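Before any comments, here is the structure.
The values are calculated or read from the model by the stated rules, or taken from the named source; none is laboratory data. Since the model is a prediction, treat every value here as computed from it, not as a measurement. Methodologically, a virtual Cβ is constructed for each residue, glycine included, from the backbone with ideal geometry; neighbour enumeration extends over all protein chains shown. Surface areas here come from the heavy atoms of the whole protein model, side chains and all, with no ligands, DNA or RNA. Shrake-Rupley method; radii C 1.70, N 1.55, O 1.52, S 1.80 Å.
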Amino acid sequence: MARPPTAVQRRIIQAADPVTGRIQGTAAQLTGLVRLRLAFRHPRPPHDYFLTAAGHRLREQPETPDRADEPTPVPEQKPGVFAARLGGEEAPEGGGQARIHEVRSAWQGLIEMRRITNPDGSTDRPCGWERAHLVPAAALALEAAGCRPATPDGEGYRVTSTPQPEAVGVRHPAPEGRRACAAALEQAGWQVGEYTEPRTGARYLLASPRRA
């Protein structure tokens, strides 16, 4: 990246769609972000602009303004921003049909991101964003397939990071629950294997995004 983005460019990045990375701005602003390799113009109509992997990383970093002559934008807090359930947390407020709708919309957005960012337009395997956000990507696939996440006092899946560079761990106390999680992830384009934890003897799934 030749130079840091301006405050205006940062505002465009911060306002990007949290799932697809679609951005909006003037032609000059969007072209400037492409030059910085923080965005790209989709080759197919309507030729929208989207954040690159570098743009997504910058969006998630806390803003540290370094220009005294530019106003510091206040990051907008979006109370409705979707977050996949990893398991173990309290159920979000306004669950039920509202949550089902949110999950469905997020999953459809992720499928669209696959279509846009996978070189061949494939939607049956994970894209770069999912590889950079393994835990929430796997959790979204599970919740979208109808698998039940664990609550503080209830059984369900729990998705965690692992020491392996491109793999997540999925735990479920019930064999049928693990089988359902494995089937959901495989359907979403992940490779899944079941293993035994040496110290505890507990069974768990190890899942990684399929590349082909």
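In this Cβ point-charge picture (+1 for Lys and Arg, -1 for Asp and Glu), the chain has a dipole of about 640 debye about its Cα centre. Amide H to amide H, with H built 1.01 Å from N, TYR157 comes under 5 Å of ARG148, ALA150, counting only residues 5 or more places away or on other chains. Per-residue extension of 0.36 nm, minus the Cα-Cα distance of ASP153 and HIS101, leaves a gain of 16.3 nm for this segment.
All other residues whose Cβ lies under 13 angstrom from that of ALA27 are scored, Lys and Arg at +1 and Asp and Glu at -1, for a net of +1. Quick one: net charge of PRO119's neighbours, Cβ under 12 Å, K/R +1, D/E -1? Net of charged neighbours comes to +3.
Summary of packing: across the peptides 180-188, 47-55, the per-residue average of other C-beta atoms within 10 Å ranks them, highest first, as 180-188, 47-55. Here the mean projected area of the convex hull built on the C-alpha positions of the range 97-209 is 7.4 nm².
Under 5 Å from the amide H of TRP190 lie the amide H atoms of ARG210, each residue being 5 or more positions distant or on a separate chain, with H modelled from the backbone and absent for Pro and chain starts. Once the 1.4 Å probe is applied to the protein heavy atoms, the chain comes out at 58 Å² accessible per residue. Of the GluC sites (Glu not before Pro) in the range 80-159, the ones in a loop by DSSP (not H, G, I, E or B) with at most 16 other beta carbons within 10 Å are GLU89, GLU90, GLU93, GLU155. Both radii are taken from the alpha-carbon atoms of the chain; with Rh as the Kirkwood radius, Rg/Rh is 1.01. Here the chain exposes an accessible surface that is 52 percent carbon and sulfur, computed with a 1.4 Å probe and the other protein chains kept in place. The modelled label-to-label distance between ARG131 and ALA145, using points 7 Å beyond Cα along the C-beta direction, is 2.1 nm. ILE12 contributes an accessible area of around 20 Å² to the protein surface, as traced by a 1.4 Å probe with all chains present.
When only the Cβ of Lys, Arg, Asp and Glu is charged (+1, +1, -1, -1), the dipole of the range 97-209 relative to its Cα centre reaches about 100 debye. Among beta bridges from DSSP that stay inside the chain, the antiparallel ones total about 95%. If the chain linking THR160 and GLN187 were pulled fully straight, counting 0.36 nm for each residue of separation and taking away their Cα-Cα distance, it would gain 7.8 nm. Rolling a 1.4 Å probe across all protein chains gives SER161 an accessible area of roughly 90 Å². Pairwise Cα distances in the range 7-51 exceed 11 Å in 61 percent of cases. Based on C-alpha pairs under 8 angstrom that are at least 6 apart in sequence, the range 97-209 has a relative contact order of 21 percent. Only protein heavy atoms count here; on that basis, with a 1.4 Å probe, ASP17 has an accessible area of about 60 Å². Using a cut-off of under 17 Å, list every residue of the range 158-182 whose amide N is near the label point 7 Å from the Cα of ARG211 along the Cα-to-beta-carbon line. Only 164-168 pass the distance filter.
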